[in-house]
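Encoded as structure tokens, the structure appears first; notes follow it.
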Amino acid sequence: MGIKGLQGFVARVCPEACRTVDLREMAEKHRIDHPDFPPVIVVDAMSCVRYWYTPESWVCGGQWREYLAILEDFIKAFMAAGIKLVFYFDGVVEEKKRDEWIKRRLQNNKEIARIFQFIKTHRKQPGRGMFVVPSALPTFTRFALKSLGQKTVCTLQEADFEVAAYGLQHDCIGILGQDSDYLIYNTCPYFSIEKLRLDRLVTVMYSREDLCRALGLSLTHLPLFACLLGNDVVPESLLEGFWRKCLVTSPHKNNSYNRRTNILLAVANYISKVPCSYSSLKHLEEMLPLGSDKTLLYRGVETYLLPGQQSPWIPPNVTNCQMFSLQQQTAMCQDKEIFQLAKEQHIQSENYTIFNILSNGEIECSNSLEDECDTEIPGQALIYRPARQHIYSVLLESGQGGAYPLVKEWFVYFGNPLQQPELIQPVQPSIPGGTPNLKTLWFAKGPDVEKQRYSTFLACFHLQDRMEELQALEAPVAAFCCLLAYLMMQVSSLSLEDLNAFLALVLCLKGKSAAQLAGLQLAQVDSRGVHLGAVFVRGLTTLLMANSACGFPFRMDDLMPWEVFDGKLFQEKYQQSHQGCSLEELLEGNKSLYTPFQNLKSFICKACMAKKRTIQSRPRGNGFITGTQQREFNRRFQQTHRSSFVPPYHNQMRGFLWRNPQPQGKK
């Protein structure tokens, strides 16, 4: 997560350490020097996603087709220069960084509350100054890059260490990211994603050597320098007294600099005079108020040591064993074959969260764009918890007496202070004959097992009785309907108008290009529509988890948001539906969509009625119209969509939604 203020310090105080470089030229030089090895840049994807997401609309749930096209252009620019990219994503939140993770999530909650306040006041999206990435953007970016043929790695620990190690071990021409920790690791050059001009492949390279010259340090000082400034291992709160002492003795104090800049210069001055030895480190640890943990500095310095590297601050017989910190002996899953496959799929970005559950029974979910003032819609973490409980029971074998191990969840939602993880009990889904074991779901072959995978997946969403109807649909539409039916069952405040909006979205999205969607203009933005968009996209990640657990009854590509969701298009359909537009308007005048619309609507209403849930009409108008006006405004819509009307379900097996078109009436 970097060292606070270091990136800005380098730009302001050490401009000589910021060199503009042409990546094409660097790649060409690499080819001359290493003719047998193509030039590679390793990308810290987590620090890049906010720079990659450039579609104008970001609050409505994500412009996923536009974003996919942007990623494709990004890759093509590097391919044209003969540069191979390797993308790394954080696969875990390490325990030592949990406090920082919580602090950021609680801060994000405040930012999201301000965004909703703005939308309700102004009926539009805030400016880029309030930008937050769409919910689940890093997760879907990982699968997007993989679908575009890129080498994509999901880490077993914080990504910065693995990125720095890969860059060093594979002689990469550089690391692309935006994290000042890359100034500290002794690895390949560090390039800025923020300063990248994609059209010319020019960016800024931050030079460790020049930074050291400006500070009067050597490269071996940098890990200790980082720790004494405060990082993910050594909290800043323990260093205040030390900083004051350094500021008193520093010859570099400059009133034109801010306090943080003066602290950076003072700490550099202090440690430049300290002999590079383990005994010096021990002396510093004695001097600092580290409380009961006197090894904080030692551990902090060690985190910057890459495989094969040694440091004068650390005894010579100690090397960093971070890479091997995950031991199966302590794992929730004791089956080596299952554990190994889950681990391989995790690293290769093929599954989602499964390894985290099987290895240490812990999972987290960051903030979503949810309105904490809307008490009618529970937090997405709570909406999808029953599905997750079923997924956990598929993954974790029950012990003696049928008891399952508890899963620790760190899920952000309004009212959760995140002081400790919530302990969640796995719950068996309702499957005749019981849940198939994981070995069967993951390793067995044949049509019977394929059917078991599909039915187990559906059972996680309480739809095991709807298998035949769902299998008749195209896979992305089947997954969409599975999620939508589950949502309608779980959230009693969702109305027929909400259902119609979602169905119109999936039907009208098909065939629309990224450019067409980019051109869609919204007169206003509805805050509840924003909230529902985020809830739906988080639901897609729950589908990913269930699919991974059940042995992939769906292709992961069929569960991606660019197949079934677009934020602006959903916002348009949501407003049209609640303002009472006709079915013709809602479906953009495309009469061929009427029957599929009624069939999908009927399917979802029937699935809900089977669970004693009747979906009611609750039109909300456009947010400004109330009472009599609203009722009048919605009359046309209600003539087409009667309150809690369930049309007979005709599985006609035809039209673009259905697989293997068959003669009508044939089942």
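Among the protein heavy atoms of the stretch 218-303, carbon and sulfur supply 57% of the accessible surface, probe 1.4 Å, non-protein parts ignored.
Model label sites at Lys103 and Val202, defined 7 Å from Cα along the beta-carbon direction, differ in position by 3.8 nm.
Could you tell me the relative contact order of the stretch 449-575? Use alpha-carbon pairs under 8 Å, at least six residues apart, and round to a whole percent. Relative CO of the stretch 449-575 lands at 40 percent. Just to compare against my own numbers: the Cα pair-distance distribution for the stretch 6-208, 10 Å bins, whole % per bin, please. Taking every Cα pair in the stretch 6-208, the percentages come to 8, 31, 36, 20, 5, 1. Placing R0 at 30 angstrom, the Cβ-Cβ distance between Lys294 and Ser272 gives a FRET efficiency of 0.80 after rounding to 0.05. Restricting the calculation to alpha carbons of the chain gives Rg and Dmax of 27.3, 89 angstrom.
Can you tell me the mean projection area, over all orientations, of the convex hull of the stretch 386-521's alpha carbons? Units nm², please.
Value for the stretch 386-521: 12.5 nm².
Antiparallel DSSP bridges in the chain: what percent, to the nearest 5?
Taking every DSSP beta bridge within the chain, about 40 percent pair in antiparallel fashion.
Estimated at 0.36 nm per residue, the fully extended path between His283 and Lys245 surpasses their Cα-Cα distance by 12.1 nm. Taking the Cα centre of the stretch 155-229 as reference, the dipole from Cβ charges on Lys and Arg (+1) and Asp and Glu (-1) amounts to some 280 debye. Computed FRET efficiency, Cβ-Cβ of Lys124 and Glu450, R0 41 Å: what is it to the nearest 0.05? After rounding, the FRET efficiency stands at 0.30. Between the C-alpha center of the stretch 350-368 and that of the stretch 560-624 there is a gap of 32 Å.
Summary of packing: across the peptides 613-621, 151-159, the per-residue average of other C-beta atoms within 10 Å ranks them, highest first, as 151-159, 613-621. Think of the chain as having a plus end and a minus end, set by charges on the Cβ of Lys, Arg, Asp and Glu; of Gln420, Ala523, Cys246, Ala523 sits farthest toward the positive end of this dipole.
Of all beta bridges that DSSP places with both ends in the stretch 6-208, some 35 percent have antiparallel geometry. Leaving out ligands, DNA and RNA, and with a 1.4 Å probe, what % of the accessible surface on the stretch 360-410 is carbon or sulfur? Carbon-and-sulfur percentage of accessible area, whole number: 48.
The GluC sites (Glu not before Pro) found in the stretch 375-432 that occupy coil by DSSP, while having at most 13 further C-beta atoms within 10 Å, are Glu376. Once the chain from Gln524 to Lys151 is taken as fully extended at 0.36 nm per residue, the excess over their C-alpha distance is 130.3 nm.
The relative contact order of the chain, computed from alpha carbon pairs under 8 Å that lie at least 6 residues apart in sequence, is 15 percent.
Once the Cβ-Cβ distance of Glu588 and Val427 is raised to the sixth power relative to R0 = 35 Å, the FRET efficiency obtained is 0.25.
In a reduced charge model with +1 at each Lys and Arg Cβ and -1 at each Asp and Glu Cβ, the stretch 6-208 shows a dipole moment near 940 debye about its Cα centre.
So which chymotrypsin sites (Phe, Trp or Tyr not before Pro) in the stretch 8-107 pass both tests, a DSSP loop state and at most 13 other Cβ atoms within 10 Å of the Cβ?
none
Each semi-axis of the equivalent ellipsoid for the stretch 1-68 is √(5λ) with λ an eigenvalue of the Cα gyration tensor; in descending order they amount to 29, 23, 11 Å.
Amide H contacts of Tyr190: Ile175, Tyr206, each under 5 Å away and 5 or more positions distant or on a separate chain (H built 1.01 Å from N in the peptide plane; Pro and chain starts excluded).
Of the GluC sites (Glu not before Pro) in the stretch 515-601, the ones in a loop by DSSP (not H, G, I, E or B) with at most 15 other beta carbons within 10 Å are Glu588. For the pair Gln348 and Thr440 in one chain, pulling the backbone fully straight at 0.36 nm per residue adds 30.9 nm over the alpha carbon distance.
Pairwise Cα separations in the stretch 218-303 fall into 5 Å bins from 0 onward with the following percentages, short to long: 3, 14, 27, 27, 18, 8, 3, 0.
Calculated accessible area for the chain comes out at 41 Å² per residue, all protein chains present (probe 1.4 Å; ligands, DNA, RNA ignored).
Applying a threshold of 26 Å to the alpha-carbon distances of Lys124/Lys512; Lys151/Lys573; Lys76/Lys573; Lys110/Lys568; Lys110/Lys408 flags Lys151/Lys573; Lys76/Lys573 as lying beyond it.
Among Pro138, Thr220, Ala27, pick out the residue whose Cα is farthest towards the positive end of the charge dipole of the chain, where Lys and Arg carry +1 and Asp and Glu carry -1 on C-beta, about the Cα centre. Value: Pro138.
Here the simple spin-label model places points 7 Å from the Cα toward Cβ, and for Asn255 and Gln616 these points are separated by 6.9 nm.
The values are calculated or read from the model by the stated rules, or taken from the named source; none is laboratory data. Please read all numbers here as calculations on a predicted model, not as lab measurements. Note that we place each Cβ from the backbone using ideal geometry, even for glycine, and neighbour counts take in every protein chain shown. Areas reflect the complete protein model, heavy atoms only, side chains present, ligands, DNA and RNA absent. Shrake-Rupley method; radii C 1.70, N 1.55, O 1.52, S 1.80 Å.
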